[in-house]
Amino acid sequence: MQPTNATGVPDFLERMRETLPEGRVPAKIFNDPNVYALERERVFSRAWAFLAHESEIPHPGDYVLRWITDNSVIVIRDEHGQIHAHLNRCTHRGNQVCKAEMGNASHFRCSYHGWTFKNTGELMGVPYYREVYKESLNRSEWGLRAVRVETYAGLVFGTLDPDAETLQEYLGGFQFYLDFFLKPGPGGTEVYGPPERWIADADWKICAENFGGDGYHTPVTHQFGFHLGFYPSSGTTHFMGYAVHMPGRGHTIGIGHTPGLPPFSGFPQEVVDGMHATLSPEQIAVFKDARMAVGTVFPNLSFLTQPFSLTPKQTGVKFCTMRLWHPRGPGQIEMFSWCLVPKDAPQSVKDELYRVYNLAFGPAGTFEQDDFENWTNLSRQNGGSTAADFDLAYFQGLDWEPLQDFPGPGHAFTPYVTEIGFRNLWGTWLNYMLTPVGQQVDRSRVPPAFHPVDAKGQP
Amino acid sequence: MEGSRQPGTPPAVGHTYVPIPIRMSIEDFLYYEAGVLDDQAYEAWLELFTEDMRYEVPVRVTRERNAEWDVSPTARIIHDSKDMLRVRISRLKTEYAWAEDPPSRTRHFLSNVQVLPGENDGEYQVRYNLLIYRSRGELPRYDLLSGKRRDVLRETPDGWRIASREVILDQSVLAVHNLSFFL
């Protein structure tokens, strides 16, 4: 499908501002050309978009090609070790200057007329410069267009909005939870290898939501795992744990607990030691009893740590996958799936973690196969003509009270299975969608994700 | 397996002669095996592998022509032992393999078969092209994947068995929503 231009805000989005706090979401948001066009214009033009993991470009000149919606972005480390991101578009005629998805380059030479750019983006070479341009071309004005870049714990993010708040502000305390995935030791994480990439007719949002902590789907979608004896939890304890979200920011995480498991079970001893060295006492209090954790950074970057093994009825090891749900067009996603491994761990541990990840995730993964069966079918159904007037049920936890003594930031609830974080995720998304370009996205306008009933029974 | 740039590693011209009857017998086996797979007789299919088999589908990456590798030396889409293949097949037999219920319809086409002597007695390296068509549900769209297989076949008292299989796909970004079928 071809991207289309936004032709205005669909009625069902205006209506959603009223219905979302009541637990109703229009089905049409999960597959609509106009929604995609608005997302491109109003969400991905302003949010911090995940680009790469620093370990993908460890050496000077190393680069990877990534996307911010339909803009190809070169993410590259310069000779001084600094990371830059540039639009992959020659400033002369717009030709693609970089065509490989990864590599090493000191410069990029456009194959059309030969304009040449340093890996820092500066225009350094123009054929027939004196003869053709005389004095009229100021090379310093015609470098590759820079994308603003900031990093957190090895993650490289970029934004197309020069006025965007800092990445630290944008993450807004969610770093507390990201550290569980990103700080398994003093050395942090690295990617095991290049990502697996594939394309599916699925809306990116359903994937981002699922990895925002959809513990509800696991015993059904992934029942095979319980059935064959892969899990340390059973269907009766599976829902236990915490759901946390950052109000007004969309970031959300589910933390599953299984009673009776030893602290940090399933992690290699090196990682247990590493976590004690890098995580705060509050972080350790939240995560030491976590069977698994799964979270989404708004809009489309997710992490999952869970135990799995190569054969059933074994003690699982906990791997970590990082995934980018890249919106490739209306109702279409391009998947990037990585396995993150602890940088300090021995190679044999990294190999084992990757192998386990591989059996579970990626296009052939035994979990991922079934997720994509659901997500493609769901996206197709929600592209139907009746979907605009069809509200989906998002009622779970509408009147729940947040925990008062939870050691981490944000609003935390128990148990883990609830839809509170999803209402915050889609409220945050809706707020971007309803705020025209040029106006400040006002986080106080994000609809409430829950409204507990007070002692008098009044909401 | 070491990462490699596939176009740079053709078999040597005038390679060691493998007798025609052996070659024909190997081709017969591979066609039979493809049929078993397309008929979804997975238990019978599993029997066609040796116990020490490995089955790998490496990640393909778009690189510049002079890059060291374009088949990742580390990243895999599938990296299975026989036990892991057994897990995938027992999964398909549960009522919860949603990705394959109703089942996809696949057709494996094999061509350009080259048979070379193996590293061990009674083993042969077989390199050939693979085209897989997959139809799912009532959708008019279909998946088409091309690639090449590099197998090691071993002669056993029960006939040929697959000791290793490597499938190198041609797309770096796969145009499939999942790989719930076998390559």
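The values are calculated or read from the model by the stated rules, or taken from the named source; none is laboratory data. Quick caveat, the model's predicted, so the values are computed rather than measured. In this analysis, Cβ positions are derived from the backbone assuming ideal geometry, glycine residues included, and neighbour counts consider all displayed protein chains.
For region B:65-80, which positions are more than 7 Å from chain A (Cβ to nearest Cβ), farther than 17 Å from B:Lys148 by Cα and surrounded by fewer than 19 Cβ atoms within 10 Å (Cβ to Cβ)? Before you say what the answer is, go through the steps one by one.
Narrowing region B:65-80 to residues more than 7 Å from chain A (Cβ to nearest Cβ): B:65-66, B:68-71, B:73, B:80.
Next, only the ones that are farther than 17 Å from B:Lys148 by Cα stay: B:65-66, B:68, B:80.
If the condition is that a residue be more than 7 Å from chain A (Cβ to nearest Cβ), farther than 17 Å from B:Lys148 by Cα and surrounded by fewer than 19 Cβ atoms within 10 Å (Cβ to Cβ), then B:Arg65, B:Asn66, B:Glu68 are the ones that fit.
So which residues in region A:92-139 are surrounded by fewer than 18 Cβ atoms within 10 Å (Cβ to Cβ), under 21 Å from A:His80 (Cβ atoms) and within 14 Å of chain B (Cβ to nearest Cβ)?
Once the filter is applied, which keeps residues that are surrounded by fewer than 18 Cβ atoms within 10 Å (Cβ to Cβ), under 21 Å from A:His80 (Cβ atoms) and within 14 Å of chain B (Cβ to nearest Cβ), region A:92-139 yields A:Asn104, A:Ser106, A:His107.
Out of A:Arg42, A:Arg77, A:Arg89, I need the residue that is touching a residue at least 60 places away in the same chain (Cβ under 8 Å), crowded, with 18+ Cβ neighbours inside 10 Å and farther than 20 Å from A:Phe336 by Cα. Which one?
Details: A:Arg77 fails: touching a residue at least 60 places away in the same chain (Cβ under 8 Å); A:Arg89 fails: touching a residue at least 60 places away in the same chain (Cβ under 8 Å).
Unique residue meeting the criteria: A:Arg42.
Given the conditions (1) farther than 23 Å from B:Phe182 by Cβ; (2) modelled with pLDDT under 95; (3) of a type in the set (A, V, I, L, M), which single one is not true for B:Met1?
Just one mismatch for B:Met1, condition (1).
On the basis of being at the interface with another protein chain (Cβ under 8 Å from one of its Cβ atoms) and not in a helix (DSSP H, G or I), does A:Thr376 make the cut? It would help to see each step written out before you state the result.
On the way: at the interface with another protein chain (Cβ under 8 Å from one of its Cβ atoms): yes; not in a helix (DSSP H, G or I): no.
The answer is no for A:Thr376.
Out of curiosity, is A:Gly365 over 22 Å from B:Val57 (Cβ atoms), assigned to a loop (DSSP other than H, G, I, E, B) and not polar (S, T, N, Q)? Spell out how you get there, then give the answer.
Working: over 22 Å from B:Val57 (Cβ atoms): no; assigned to a loop (DSSP other than H, G, I, E, B): yes; not polar (S, T, N, Q): yes.
So A:Gly365 does not fit the description; no.
Quick test of your reading of the structure: A:Lys318 fulfils all but one of (1) in contact (Cβ under 8 Å) with a residue 60 or more places away in the chain; (2) under 20 Å from the mean Cα position of the chain (by Cα). Name the failing condition by number.
Every listed condition holds for A:Lys318 apart from (1).
Filter region A:343-373 down to the residues that are farther than 24 Å from B:Trp98 by Cα and out of contact with any Pro (no Cβ under 9 Å at 6 or more places or on another chain), then identify the one that is farthest from the other protein chains (Cβ to nearest Cβ).
Going residue by residue through region A:343-373, those that are farther than 24 Å from B:Trp98 by Cα are A:343-354.
Checking the rest, the ones that are also out of contact with any Pro (no Cβ under 9 Å at 6 or more places or on another chain) come to A:347-348, A:351, A:354.
On the way: A:Gln347: 10, A:Ser348: 14, A:Asp351: 9, A:Tyr354: 8 Å.
Ranking the qualifying residues of region A:343-373, first place goes to A:Ser348.
What is the one condition in (1) within 14 Å of chain A (Cβ to nearest Cβ); (2) buried (at least 18 other Cβ atoms within 10 Å of the Cβ); (3) under 20 Å from B:Tyr31 (Cα atoms) that B:Trp98 does not satisfy?
(3)
Of all residues being under 17 Å from the mean Cα position of the chain (by Cα), buried (at least 22 other Cβ atoms within 10 Å of the Cβ) and among the charged types (D, E, K, R) in region A:190-213, which is farthest from B:Asp170 (Cα to Cα)? Just the residue, please.
A:Glu209
If I filter region A:276-309 down to residues being touching a strand residue (DSSP E or B) at 6+ places or on another chain (Cβ under 9 Å) and either within 14 Å of another protein chain (Cβ to nearest Cβ) or of a type in the set (Asp, Glu) (or both), which single residue comes out as surrounded by the most Cβ atoms within 10 Å (Cβ to Cβ)? Write out each step before concluding.
Pass one, region A:276-309, residues touching a strand residue (DSSP E or B) at 6+ places or on another chain (Cβ under 9 Å): A:286-287, A:289-309.
Within this subset, residues satisfying the condition of being either within 14 Å of another protein chain (Cβ to nearest Cβ) or of a type in the set (Asp, Glu) (or both) are A:289, A:308-309.
Values: A:Asp289: 20, A:Phe308: 25, A:Ser309: 20.
So, considering only residues that are touching a strand residue (DSSP E or B) at 6+ places or on another chain (Cβ under 9 Å) and either within 14 Å of another protein chain (Cβ to nearest Cβ) or of a type in the set (Asp, Glu) (or both), the one surrounded by the most Cβ atoms within 10 Å (Cβ to Cβ) is A:Phe308.
Here is a check on your reading of the model: is B:Trp45 aromatic (Phe, Trp, Tyr) and surrounded by fewer than 18 Cβ atoms within 10 Å (Cβ to Cβ)? Break it down into steps so the answer makes sense when it comes.
Working: aromatic (Phe, Trp, Tyr): yes; surrounded by fewer than 18 Cβ atoms within 10 Å (Cβ to Cβ): no.
Criteria not met by B:Trp45.
Name the one entry in B:Asp52, B:Asp143, B:Asp83, B:Asp151 that is in a strand (DSSP E or B) and within 11 Å of another protein chain (Cβ to nearest Cβ).
On the way: B:Asp52 fails: within 11 Å of another protein chain (Cβ to nearest Cβ); B:Asp83 fails: in a strand (DSSP E or B); B:Asp151 fails: within 11 Å of another protein chain (Cβ to nearest Cβ).
Among B:Asp52, B:Asp143, B:Asp83, B:Asp151, only B:Asp143 is in a strand (DSSP E or B) and within 11 Å of another protein chain (Cβ to nearest Cβ).
Hey, could you check region A:310-342 for residues that are of a type in the set (Val, Ile, Thr) and crowded, with 22+ Cβ neighbours inside 10 Å and say which is nearest to the other protein chains (Cβ to nearest Cβ)? Can you show your working first?
Our first condition is that a residue be of a type in the set (Val, Ile, Thr); within region A:310-342, this holds for A:311, A:315, A:317, A:321, A:333, A:341.
Restricting the remaining residues to those that are crowded, with 22+ Cβ neighbours inside 10 Å gives A:321, A:333, A:341.
Working: A:Thr321: 13, A:Ile333: 9, A:Val341: 11 Å.
So the residue we want is A:Ile333.
Can we say A:His222 is more than 21 Å from the chain's Cα centre (by Cα), more than 23 Å from A:Phe422 (Cβ to Cβ) and in the same structural domain as A:Thr315 (by TED's automatic domain parsing)? Walk me through it before giving the result.
Working: more than 21 Å from the chain's Cα centre (by Cα): yes; more than 23 Å from A:Phe422 (Cβ to Cβ): no; in the same structural domain as A:Thr315 (by TED's automatic domain parsing): yes.
For A:His222, the condition - more than 21 Å from the chain's Cα centre (by Cα), more than 23 Å from A:Phe422 (Cβ to Cβ) and in the same structural domain as A:Thr315 (by TED's automatic domain parsing) - is not met.
Among what's in region A:284-315 and is in a strand (DSSP E or B) and β-branched (Val, Ile, Thr), pick the residue that is nearest to A:Arg249 (Cα to Cα). Before the answer, list the steps.
Looking only at region A:284-315, we keep the residues that are in a strand (DSSP E or B), and these are A:290-297, A:301-308.
Restricting the remaining residues to those that are β-branched (Val, Ile, Thr) gives A:294, A:296-297, A:305.
Details: A:Val294: 17, A:Thr296: 11, A:Val297: 9, A:Thr305: 22 Å.
By that ranking, first place goes to A:Val297.
For every residue, the table says whether it meets (1) surrounded by fewer than 19 Cβ atoms within 10 Å (Cβ to Cβ); (2) in contact with a helix residue (DSSP H, G or I) (Cβ under 8 Å, 6 or more places away or on another chain); (3) of a type in the set (Phe, Trp, Tyr); (4) closer than 27 Å to A:Ser309 by Cα.
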residue: A:Val356; (1), (2), (3), (4): no, no, no, yes
residue: A:Phe372; (1), (2), (3), (4): no, yes, yes, yes
residue: A:Asp405; (1), (2), (3), (4): yes, no, no, no
residue: A:His411; (1), (2), (3), (4): no, yes, no, no
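Which one is surrounded by the fewest Cβ atoms within 10 Å (Cβ to Cβ), of the residues in region A:343-354 that are in a helix (DSSP H, G or I) and of a type in the set (A, V, I, L, M)? Let's see the steps before the verdict.
Taking region A:343-354 and keeping what is in a helix (DSSP H, G or I), we get A:347-354.
Within this subset, residues satisfying the condition of being of a type in the set (A, V, I, L, M) are A:349, A:353.
Values: A:Val349: 18, A:Leu353: 24.
Here the answer is A:Val349.
Considering each of A:Tyr216, A:Tyr231 in turn, give the residue that is among the hydroxyl-bearing types (Ser, Thr, Tyr) and buried (at least 19 other Cβ atoms within 10 Å of the Cβ). Working first, answer last.
Numbers: A:Tyr216 fails: buried (at least 19 other Cβ atoms within 10 Å of the Cβ).
Unique residue meeting the criteria: A:Tyr231.
Out of all the residues in region A:257-275, which are within 26 Å of the chain's Cα centre (by Cα) and without any contact (Cβ under 8 Å) to a residue 24 or more places away in the chain?
A:Val272
Restricting region A:192-214 to residues that are closer than 23 Å to A:Ala243 by Cα and of a type in the set (A, V, I, L, M), which is farthest from the other protein chains (Cβ to nearest Cβ)?
Residue satisfying both the conditions and the ranking: A:Ala208.
Can you find even one residue in region A:243-252 that is under 20 Å from A:Thr189 (Cα atoms) and at pLDDT 95 or above? Give the steps one after another, and end with the answer.
Narrowing region A:243-252 to residues under 20 Å from A:Thr189 (Cα atoms): none.
Scanning region A:243-252 turns up no residue that is under 20 Å from A:Thr189 (Cα atoms) and at pLDDT 95 or above.
Looking only at region A:374-403, count how many residues are among the charged types (D, E, K, R), closer than 14 Å to A:Val25 by Cβ and surrounded by 16 or more Cβ atoms within 10 Å (Cβ to Cβ). Explain how you work it out, then say what you get.
Here is the first cut: in region A:374-403, the residues among the charged types (D, E, K, R) are A:380, A:389, A:391, A:399, A:401.
Among the residues that remain, those that are also closer than 14 Å to A:Val25 by Cβ are: A:389, A:391.
With surrounded by 16 or more Cβ atoms within 10 Å (Cβ to Cβ) added as a condition, the list becomes A:391.
Total satisfying the criteria: 1.
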